[in-house]
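The values are calculated or read from the model by the stated rules, or taken from the named source; none is laboratory data. In this text the structure is predicted, and so the values were computed from the model without any measurement. Because the Cβ atoms are built from the backbone with ideal geometry, glycine has one as well, and the counts that use them run over all protein chains shown. To get the accessible areas, we keep the full protein, side chains included, count just its heavy atoms, and leave off ligands, DNA and RNA. Shrake-Rupley method; radii C 1.70, N 1.55, O 1.52, S 1.80 Å.
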Amino acid sequence: MILVLYDAKASKQLDAAVLKTGIHEVLLMMRAASSIFNVVENLTKVNRVISIAGPGSNGGDAYGVAILSAIAGKSTKIYSISEISGESKKIADFCGELGVVKLKSLPEPSEISSDDVIIDGLFGSGLNRPPTGIFADAIDWMNLSRRNGAKVIAIDVPSGLNASNGSTPGVAVKADFTVMCLSSKQGCYTDKAPDLCGKLLFANLGIEKPENFTDPTAFLIEGPNYGVMNRPRVGHKGSYGNVLVIGGWPPMQGAGGMAGLAALRAGAGKVYVCGPSFPECPLELISIERKLDCVDEILQSMDVVVAGPGLGDGAGVFLEKIWRSDRPLVLDADGLNWLSEANLDKREAEWIGTPHPGEARKLLGENIDDRFLAIERLHDLYGGLWVLKGAGTLVGPNPMYVNPFADSILATAGSGDVLAGVIGGLLAQKSASPAQNGVYIHSKAAELLKREGRTTIIATDLLDAVSKVIVVSDN
């Protein structure tokens, strides 16, 4: 299972570190080619393989795929954007000796059929600027060919995708499969990447633990330790923490209610909600009058405060009170909008911010395309731990975590309120890594609903699913 991720710079360092062990670069490229060609062989029907080779080692990989395709007896052609150099040239020369046809120009897209496979070896993981000229033309050709039915297999990352952050500075390939070689690229899991990578695959090229060679730059929120809660059988509601939700002010009562119920579903012992004027308050929530002295009276008995889901005028004095307290805090939605204008010092006590991209832009005062950099800037400005929501949610910094889940099933009003409540409920129970675990549980709940046949959901659907995906241990 992939757990460690690398940005473009660290991927290059890993390549160099592995080569220093004495493994030949040509051998690594042919191992990569073998892994990519395995994808080709697993396709139902392949009429022709067309490899697109760029100037770097990815070009060498593309030539390697052409070699294996020719040996397997498939109709094979290669199109090289520019001259191949270094160790890649040895593979290119051998490809020529095998008689693989080297195209002088790409076929007309009308000549491409659904039985054709295109290998995208144009760019590697180092791209950080918009593709131009013949490179952009080749990307456009691959995308048009895919629309005509061809399967596209990208090497490392779809060409045009930034391997470090998942952004696309210009045109980019939309692949059916992406085979990440040697290192798992962190940019393949977030921002634009989920729409471009297709099915993500990983080939370790015989290197079992890349972290022994080069430190990773991020970690995947995946694995057997996520979603597990320690709840002794003899525990009672006082054992699992008190949560105070500041939110759900009219006319957004539902936001506070969903956050509170989510905290309970995540296992919190008791949840108090300050703000809603419920026509009928959820029976499980304890309603607190929307007065500052009422909050003062109970604040020190709370294990965590979730503030921001559905607030209105007059909330600032409540939020400032909470900000200056020593209570652990989850700040969401309107709480984050308040913070962006409050001009306060960094909070010393433990806290977690959960912005969506629009709220992050407001907090930063600018649009930062690099989601990893955005989290670092948020931390520099405000302190705290950050959950940057969206496709491939990030948690960080120091270290950075990436959630591999990306699905529009969660694009529904109230989904973020549920996430904030889940994180708050975990934090109240002093769960290990409540932000990462909360993101994991939230996305797994959505996956469960999808497996049950849901194609769209409303946020309250998540509440029951949350308790179904949590694993309880009494150890």
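Of note:
- Gyration tensor (Cα) of region 59-172, equivalent ellipsoid semi-axes in angstrom: 23, 18, 12
- Long-range tail of P(r) for the chain (Cα pairs > 41 Å, %): 29
- Region 345-413: C-alpha gyration tensor shape, a/c 1.5 cut-off, then a/b vs b/c: prolate
- In region 306-435, inverting the average of 1/r over every pair of distinct C-alpha atoms gives 14.8 Å as the Kirkwood radius.
- Principal-axis tilt of helix 371-382 within the chain, Cα atoms, nearest 10 degrees: 30
- Label-zone membership for region 59-78, site Val101, 7 angstrom Cα→C-beta point, backbone N under 20 Å: 62-78
- Tensor-based shape of region 376-475 (alpha-carbon gyration tensor, a/c under 1.5 rounded, otherwise prolate or oblate): oblate
- Among 82-92, 449-459, 176-186, the order from most to least packed when residues are scored by Cβ within 10 Å on average: 176-186, 82-92, 449-459
- On full extension, the segment bounded by Leu144 and Thr21 gains 40.1 nm, given 0.36 nm per residue less the C-alpha separation.
- Accessible surface, per residue, of the chain when the full set of protein chains is kept, probe 1.4 Å, Å²: 43
- The slack in the chain from Lys362 to Cys281, taken as 0.36 nm per residue of separation less the alpha-carbon distance, amounts to 25.9 nm.
- Cα gyration tensor shape for region 95-154, rounded if a/c is under 1.5, else prolate or oblate: oblate
- Stretch gain in nm, segment Ser239-Phe94, where the contour uses 0.36 nm per residue and the Cα spacing is subtracted: 45.4 nm
- Restricting the calculation to Cα atoms, every distinct pair contributes to the Kirkwood radius of region 233-284, found to be 11.3 Å.
- Value of [θ]222 nm, deg cm²/dmol, for the chain, DSSP H segments ≥ 4, -39500 (n - 2.57) each, nearest 500: -11000 deg cm²/dmol
- Label point distance in nm, Thr44-Ala136, each placed 7 Å from Cα along Cα→Cβ: 3.7
- For the pair Glu297 and Glu211, label points projected 7 Å from Cα toward Cβ lie 4.9 nm apart.
- Protein accessible area in the chain, 1.4 Å probe - carbon and sulfur %: 49
- FRET E, pair Ala432, Asp464, Förster distance 35 Å, beta-carbon r, rounded to 0.05: 0.90
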